[in-house]
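The values are calculated or read from the model by the stated rules, or taken from the named source; none is laboratory data. None of the values given here were measured: they were computed from a predicted structure. Methodologically, a virtual Cβ is constructed for each residue, glycine included, from the backbone with ideal geometry; neighbour enumeration extends over all protein chains shown. These accessible areas exclude ligands, DNA and RNA; they are computed on the full protein's heavy atoms, side chains included. Shrake-Rupley method; radii C 1.70, N 1.55, O 1.52, S 1.80 Å.
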Amino acid sequence: MKRNSLSSFYVSLWLLFTAVILQAVESAKGKYAHLLFNELFEHYSNALRPVEDTDKVLNVTLQITLSQIKDMDERNQILSAYLWIRQSWYDAYLKWDKDKYDGLDSIRIPSNLVWRPDIVLYNKADDDFSEPVNTNVVLRYDGKITWDAPAITKSSCVVDVSYFPFDSQQCNLTFGSWTYNGNQVDIINSLDSGDLSDFVEDVEWEIHGMPAVKNVITYGCCSEPYPDVTFTLILKRKSSFYIFNLLLPCILISFLAPLGFYLPADSGEKVSLGVTVLLALTVFQLMVAEIMPPSENVPLIGKYYIATMTMITASTALTIIIMNLHHCGSEAKPVPQWARVVILDYMSKIFFVYDVGENCTSPKREKEDESKLEGDDSCQRKHKEVRSHLSNRNDDCDLTEKLNGNLNKSCGVPGENVREAVNCCSCYKTLIKNIEYIANCVRDHKANRAKGIEWKKVAKVMDRFFMWIFFIMVFFMSVLIIGKAA
């Protein structure tokens, strides 16, 4: 028991001794850090380039880490991104022997105390020209300074929306010194591309790379070279949102337009359906126009909307023309012979257009038509027999009148039988005239009705023809725009 208490006492004593030693070391570190800071910045100035020889070039290593894409404003062509910018260089006046300061090899101090390169984003598009974040820098004993600063940048980006919403964009981020030329400050790429290891996935854009290229440009104002580093951000748009909210509704609405030809002409809704579909597509077109920049490049979905609206306008105009054909009455001209042959004989069979009550698989209908024709023939034969009988009676009446005239001349006394025959013949003549008048009216009515039925059938055949034509057009247009997504 005593041994355990003694061992625990020694362990506690050792831990206390270690803590005191570490505290002393830390206090010594802090003491040496303050001493080092006072000695380094006693005669230091952050206004001048920290090189021992003014003709010597100061190399600045630049590294960009993309953290997040905040916004892509296609209409104003501005890319907003959250970046981590790392710059490192060597300061010839901030060196020390770490052995003199108890092995202190680095300190962290505010960045405004040391000289900093004036590297800015050349294609900055922010209204507020903000200064870099005043974060600390890491200063090493050999004079190397590392400055990590976060930044929210707004850069100009030329947006090509020709294939929207299946487009890809390339936005450049060009960094360079604003006042120092290449003979004073040279920029070196830390990596061949931007760092994407800490990128937060965006809901609208996919990152396909961020290559970095160093450029040395000589401007017209100056003879000195000016180096810069351009990071090209390659973006691919995620089109699922636009497919389900802009493209798919347009395709579904487009398939309603050909169905206007299938509506019966007497329903009174053929033209109103086309106008309603046209108005719906106009709303979607305005939504796309609000997103896209007002440029000469019309986006792919905009071209699809325009083509669909043109097709619906044409279908509505054709529907109006076909409605006029449908309502051709008795005053219209007969159907031309070529239209009767091409439309009524051939196209009606191709598009399976039949008269009311007709069916392509019902032989019963043909039998009924044959029996009806036979009945009409028998009625016509009976009518001819009646007319021949009445004409015979008429001849008999004429003969009777002649005989009656002879008797009157010879005897001078007309008989009662002869008068009755004359009255009967006059009744038959009146009846024949009335029957002929009624037959002519019925015949004219049937002819006018057959003329109107022919025009209605012509309109129906043309409706079916244009319906399939526009269905094929909508199908191929939809396949074409969906094929752009692949």
* Structure fact -> Filtering the range 212-234 down to residues that are open to solvent by 40 Å² or more (accessible area, probe 1.4 Å) and in a strand (DSSP E or B) yields VAL213, LYS214, ASN215, VAL216, ILE217, ILE234
* Asked: assigned to a strand (DSSP E or B), under 21 Å from SER80 (Cβ atoms) and not aliphatic (A, V, I, L, M): does that describe PHE199?
  -> no
* Among residues of the range 142-159, those that are of a type in the set (Val, Ile, Thr) and under 19 Å from PHE231 (Cα atoms), counted -> 4
* **All positions within the range 192-211 that are free of Cβ contacts under 8 Å to residues at least 60 places away in the same chain and exposed (fewer than 11 other Cβ atoms within 10 Å of the Cβ)** => ASP192, GLU201, VAL203
* Structure fact -> Within the range 168-191, of all residues that are crowded, with 16+ Cβ neighbours inside 10 Å and of a type in the set (Val, Ile, Thr), the one nearest to the chain's Cα centre (by Cα) is THR174
* Asked: Would a scan of the range 52-68 turn up a residue that is assigned to a strand (DSSP E or B), within 30 Å of ALA289 (Cα to Cα) and either open to solvent by 70 Å² or more (accessible area, probe 1.4 Å) or touching an Asp or Glu at 6+ places or on another chain (Cβ under 9 Å) (or both)?
  -> yes
* Candidate set: the range 328-349, residues that are more than 12 Å from GLU454 (Cβ to Cβ) and open to solvent by 100 Å² or more (accessible area, probe 1.4 Å); chosen: the one modelled with the lowest pLDDT -> GLU331
* Residue ID - farthest from the chain's Cα centre (by Cα), chosen from residues in the range 254-284 that are open to solvent by 60 Å² or more (accessible area, probe 1.4 Å), within 23 Å of ILE481 (Cβ to Cβ) and touching a residue at least 12 places away in the same chain (Cβ under 8 Å) -> LEU259
* Kindly indicate whether LEU139 is open to solvent by 60 Å² or more (accessible area, probe 1.4 Å) and either touching a Gly at 6+ places or on another chain (Cβ under 6 Å) or at pLDDT 90 or above (or both). => no
* Asked: Within the range 235-285, how many residues are among the small types (Gly, Ala, Ser), over 22 Å from VAL458 (Cβ atoms) and not in a loop (DSSP other than H, G, I, E, B)?
  -> 4
